[in-house]
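Just below is one structure, and these are the notes that go with it.
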Amino acid sequence: MTRINENYLKLKASYLFSDIAKRVTAFQEANPEKSIIKLGIGDVTEPLPAACREAFHNAIDEMGTREGFHGYGPEQGYEFLRKAIALNDFQARGADIDPDEIFVSDGAKCDSGNFQEIFADDIKIAIPDPVYPVYVDTNVMAGRTGANIDDRYEGFVYLEATPENGYIPAIPEEKVDLIYLCFPNNPTGATATKEQLKMWVDYAKDCDALILFDAAYVAFIRDESLPRSIYEIEGAKEVAIEFRSFSKNAGFTGTRCAYTVVPKDLKAVDESGTEHSVHALWNRRHCTKFNGVSYPVQKAAEAIYSQEGKKEIRSLTDFYLENAKVVRSAVEALGFSCVGGDNSPYIWVNANRPSWDFFDVLLNEAGVVTTPGAGFGRCGENHIRISAFNSRSNIDEAMKRINHALTAKA
Ligand code: MLT
């Protein structure tokens, strides 16, 4: 019989959010009369901005004409979108990124999961803990780790984010080759200052490492002193790849559009020490395995950079941040300490008890779904993540129910 890739056997049986969905379905089947409010997976709930819908409609109408029809587009994305991204997300903030350093794709999950493919099997990888599970699982699938022992894969260098360090991991003492970072962080909602990012960029330069920087939640930053992109840090273009997404700022989780920045200055070496362009390798991989995002979706994404689009995504992200404030103050009023929710849609709650137990209490007693911190790694134990992506009425109702469930129990 055909043999499998045995690295898959090292993975946990199912992906975190599938695991939670199974528990929620089982609970709903056993309690059909109970209403459930989902503040678990970070999926947006509010409608697509009008500017995006209009651009989407117009592009579909164009596709219905012989002159305006589009077949396969450029794998890297249409020039109109790459130019709008480079100008608005980077050049406007003093980061010198060129449109042809941008690769448009169907999701930051795919890009942050796939990027590791272009590196050697035996590189040393630094992974945050807690962490978005995609970075871990894709490296396990690729065979870069040993077994999982006590919720830790052999072979990774773990960057621990704990209450003691304010959930900002320290630079490792040893040298690594590849570093995953995410700010504003998923799951903790913590943010990094320019000085903190500079330390990572300097460390990467010192050890000839590359940084995979996930900035999917950047649109939630309101603190003007915080960097929006790693390329605002001097020298980052020589060491960092950045992932961005239209999912959380413009409500594209179901529409699918994202992009990855791969500067042309980035180099990695082969076994003999000869340098190669990371941009060229990623371009080769992208063109082989990906055929581009559809024309109407790219037109809809471009619309967020119009004057109207900018206003609409600002009010969309303001709306979720207001939800986050409601969640954070309700949870703090119950005596829990939290991070996130101010420049991020996630609130990371120190539950002071096993996270799956707390998840079960909130599901069973309040009908509210959260994400147990242990699902994000060993340092996530005793925490839960609450997502602010929902309607205001559901957020208010969820906080009322949690308050009732926890104070009635006390
Ligand atoms: C999350 O809940 O962590 C996110 O929705 C996951 C994702 O964006 O893929």
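Sort K248, K289, K109 by accessible area with a 1.4 Å probe, largest first.
Values: K248 30, K289 125, K109 95 Å².
Greatest to least solvent exposure: K289, K109, K248.
Roughly speaking, what is the centre-to-centre gap between segment 245-269 and segment 119-193 when only Cα atoms are used, to the nearest Å?
Rounded to whole Å, the Cα centres lie 20 Å apart.
Can you tell which of P49, V136, H70 lies farthest toward the positive end of the dipole of segment 1-137, using +1 and -1 charges on the Cβ of basic and acidic side chains (Lys, Arg; Asp, Glu)?
With unit charges placed on the Cβ atoms, the residue in question is V136.
Going by the alpha-carbon gyration tensor, a ≥ b ≥ c the square roots of its eigenvalues, is segment 160-285 rounded (a/c under 1.5) or, if a/c is not under 1.5, prolate (a/b greater than b/c) versus oblate?
Cα axes put segment 160-285 in the oblate bin.
Of the heavy-atom accessible surface of the chain (probe 1.4 angstrom), what whole percent is carbon and sulfur?
Numbers: 9050 of 18100 Å².
Carbon and sulfur atoms account for 50 percent of the accessible area of the chain.
Expressed as a rounded percentage, what relative contact order does segment 52-307 have, with Cα pairs under 8 Å and six or more residues apart? Can you show the working numbers first?
Working: 442 pairs, mean separation 68.8, N = 256.
Relative contact order comes out at 27 percent.
If you rank Y158, Y153, Y8, Y72 by how much accessible surface each has, with a 1.4 Å probe, what is the order from largest down? Each step should come with its number before you reach the end.
Numbers: Y158 50, Y153 15, Y8 120, Y72 195 Å².
So the residues, ranked largest to smallest area, are Y72, Y8, Y158, Y153.
Starting from the Cα-Cα distance between Y8 and A142, subtract it from 0.36 nm times their residue separation and give me the gain in nm to one decimal. If you can, show how the numbers build up before the last one.
Working: separation 134, 0.36 × 134 = 48.24 nm, distance 0.87 nm.
Full extension of this stretch gives 47.4 nm more.
Extension gain I149-A26, at 0.36 nm per residue separation less the Cα-Cα distance, in nm? It would help to have the intermediate numbers written out before the result.
Values: separation 123, 0.36 × 123 = 44.28 nm, distance 2.86 nm.
41.4 nm is the gain from fully extending I149 to A26.
Ranked by accessible surface with a 1.4 Å probe, highest first, in what order do R401, R314 come? Before the final figure, lay out each step's value.
Numbers: R401 50, R314 120 Å².
Sorted descending by solvent-accessible area, the residues read R314, R401.
Report Y132's accessible area, 1.4 Å probe, all protein chains in place, as a number in Å² to the nearest 10.
30
Report the full-extension gain for the segment V269 to E195: residue separation times 0.36 nm, less the Cα-Cα distance, to one decimal in nm. The partial results should precede the final answer.
On the way: separation 74, 0.36 × 74 = 26.64 nm, distance 2.85 nm.
Between V269 and E195, full extension yields 23.8 nm more.
Please identify the helices of the chain, taking whole runs of DSSP H, that span at least 15 Å along their own axis as judged from the Cα atoms and have a mean Kyte-Doolittle score of -0.5 or higher.
On the way: long enough: 16-30 (22 Å, 0.21); 50-63 (20 Å, -0.20); 194-206 (18 Å, -1.25); 278-289 (16 Å, -1.01); 307-333 (39 Å, -0.60); 355-366 (16 Å, 0.29); 392-409 (26 Å, -0.86).
Going by DSSP H runs, the hits are 16-30, 50-63, 355-366.
With every protein chain present, what is the per residue accessible area of the chain (1.4 Å probe, Å²)? Each step should come with its number before you reach the end.
On the way: 18100 Å² over 410 residues.
Per-residue value: 44 Å².
Can you list the GluC sites (Glu not before Pro) in segment 1-43 that are in a DSSP coil and have 14 or fewer other beta carbons within 10 angstrom? If you can, show how the numbers build up before the last one.
Working: sites: E6, E29, E33; in loops: E33.
Those that pass, being in a loop and sparsely packed, are E33.
The values are calculated or read from the model by the stated rules, or taken from the named source; none is laboratory data. Please read all numbers here as calculations on a predicted model, not as lab measurements. A quick note on method: Cβ atoms are made from the backbone with ideal geometry, for glycine too, and the neighbour counts reach across all protein chains shown. In case anyone asks, the SASA skips ligands and DNA or RNA and just uses the protein heavy atoms, side chains included. Shrake-Rupley method; radii C 1.70, N 1.55, O 1.52, S 1.80 Å.
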